[in-house]
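This report refers to the structure that appears directly beneath it.
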Amino acid sequence: MSHPQTPHLQSRLPQVGTTIFTVMSTLAAEKNAVNLGQGFPDFNCDPRLVDAVTASMQQGQNQYPPMPGVPVLREAVSLKIEALYGRHYAPATEITITAGATQAIITIILAVVHPGDEVIVLEPCYDSYVPNIALAGGTTVRVPLTPGTFRPDFDQISAAITPKTRAILINSPHNPSGMVWTDQEMLRLQELLAPTNVLLISDEVYEHMVFDGQPHQSAARYPGLAARAFIVSSFGKTYHVTGWKVGYVAAPAAMSAEFRKVHQFNVFTVNTPVQYALAAYMADAQPYLGLPAFYQRKRDLFRQGLAQTRFKLLPGEGTYFQCVDISDVSDLGEFEFCQWLTSEIGVAAIPLSAFYGNSFDQSVVRFCFAKKDETLLAALERLQTL
């Protein structure tokens, strides 16, 4: 008897293999290296937050919540955005709770991008953006951020806008580079988009990690941007609970309505007890208001240690990532260098080329400093042997 054959599949994402994060994390585990590759904390969240989830579960908050999220959490998000950025989003119609920021982004793209539409992404960029556009049948238009500084190049962005441009995706504070958009740059973007119908997808998951007294310039602050923007943020990043996978999208009511149509049928809704816990926890603004100082201290500790090496430090204006130029340390390409660093020195990093469609190699790698001090010191001790 012949064996039944599994039907042949034509891949929807033929270019996608194992991600660089999986590759480097696997190698780090195998070599017992300090993993500064993947972007997640190795310390615990505030125990009050865990207690709040337990309390929600014990109080019976365990059935489906409303599709857009529990009202108290949407209200808390609305108040936060208004307090920080001066724009009011109606909790009932303009804020939706999502299963993390990554789900938020694919849902936005599926809601607004039609086959043949163009979406501008600024490279280097987070690795979900381009596959999301492909799944929606859109065409990715890649515009590089300025090599070296990673600042937006408005001449190139302007040249990339065509009648087919449906949306532009921006990310500030920026992963992987740590660059933070300025007020002037946001105003320039507002001016550039004003005569168009282009939507803005603003990935602001690191909004509370901006250093040296700089403010985060949310798209919500700019009326001309806010009117066309989906703004995405992440409780996981803000409260050190990346595994909870809860975020939100704020957008004008007509845009939120389209977003919710897709959200309703791809996740329906987000787990209930965590939503109630987050709402209760958000009553105190201190945890997110204190986050810049918390991470700046880690950034400074890490940068001081790296200054004792031959790495050239790039600016670290925001996020919990620090990029370094490796050209004085090694002649290897970024990917080979990261493999060597993990295997031989015992510290895992991520090559910046992994965030470009054409694997552009500029001899820069990314470390994550969202780690306990002892983890950072252990990594620095190894790196200082270079």
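Taking Ile157 as the residue in question, decide whether it is crowded, with 16+ Cβ neighbours inside 10 Å and under 18 Å from Gln103 (Cα atoms).
Working: crowded, with 16+ Cβ neighbours inside 10 Å: yes; under 18 Å from Gln103 (Cα atoms): no.
No.
Considering only residues in segment 309-334 that are within 22 Å of the chain's Cα centre (by Cα) and hydrophobic (A, V, I, L, M, F, W, C), the one that is surrounded by the fewest Cβ atoms within 10 Å (Cβ to Cβ) turns out to be Leu313.
Of the residues making up segment 88-131, those that are hydroxyl-bearing (Ser, Thr, Tyr) and outside any helix (DSSP H, G or I) are Tyr89, Thr96, Thr98, Tyr126, Ser128.
Considering each residue of segment 123-142 in turn, at least one proves to be in contact with a Pro (Cβ under 9 Å, 6 or more places away or on another chain) and at positive phi.
Among the residues making up segment 38-90, those that are crowded, with 16+ Cβ neighbours inside 10 Å, modelled with pLDDT of 95 or more and within 30 Å of Cys338 (Cα to Cα) are Pro41, Cys45. Residues in segment 91-100 that are within 15 Å of Lys237 (Cβ to Cβ) and surrounded by fewer than 24 Cβ atoms within 10 Å (Cβ to Cβ): Ala99, Gly100.
Restricting segment 335-355 to residues that are out of contact with any Asp or Glu (no Cβ under 8 Å at 6 or more places or on another chain) and within 21 Å of Gly318 (Cβ to Cβ), the residue that is surrounded by the most Cβ atoms within 10 Å (Cβ to Cβ) is Ala349. Scanning segment 237-269 for residues that are β-branched (Val, Ile, Thr) and in a helix (DSSP H, G or I) yields Thr238, Thr242, Val262. The residue pairs whose first member lies in segment 3-16 and is within 23 Å of Asp127 (Cα to Cα) and assigned to a loop (DSSP other than H, G, I, E, B), whose second member is modelled with pLDDT of 95 or more and not β-branched (Val, Ile, Thr), and whose beta carbons are closer than 7 Å, counting only pairs six or more residues apart or on different chains, are Arg12/Leu135; Leu13/Pro131; Leu13/Ala134; Val16/Pro131. Residues of segment 356-363 include at least one that is closer than 23 Å to Leu122 by Cα, modelled with pLDDT of 95 or more and crowded, with 19+ Cβ neighbours inside 10 Å.
For the residues Thr149, Thr139, Thr102, Thr182, the requirement of being of a type in the set (S, T, N, Q) and more than 25 Å from Pro292 (Cα to Cα) singles out Thr139.
The values are calculated or read from the model by the stated rules, or taken from the named source; none is laboratory data. Bear in mind the structure is a predicted one, so any value in this text is a computation, not a measurement. Every residue, glycine as well, gets a Cβ built from its backbone with ideal geometry; the counts of neighbours run over all protein chains shown.
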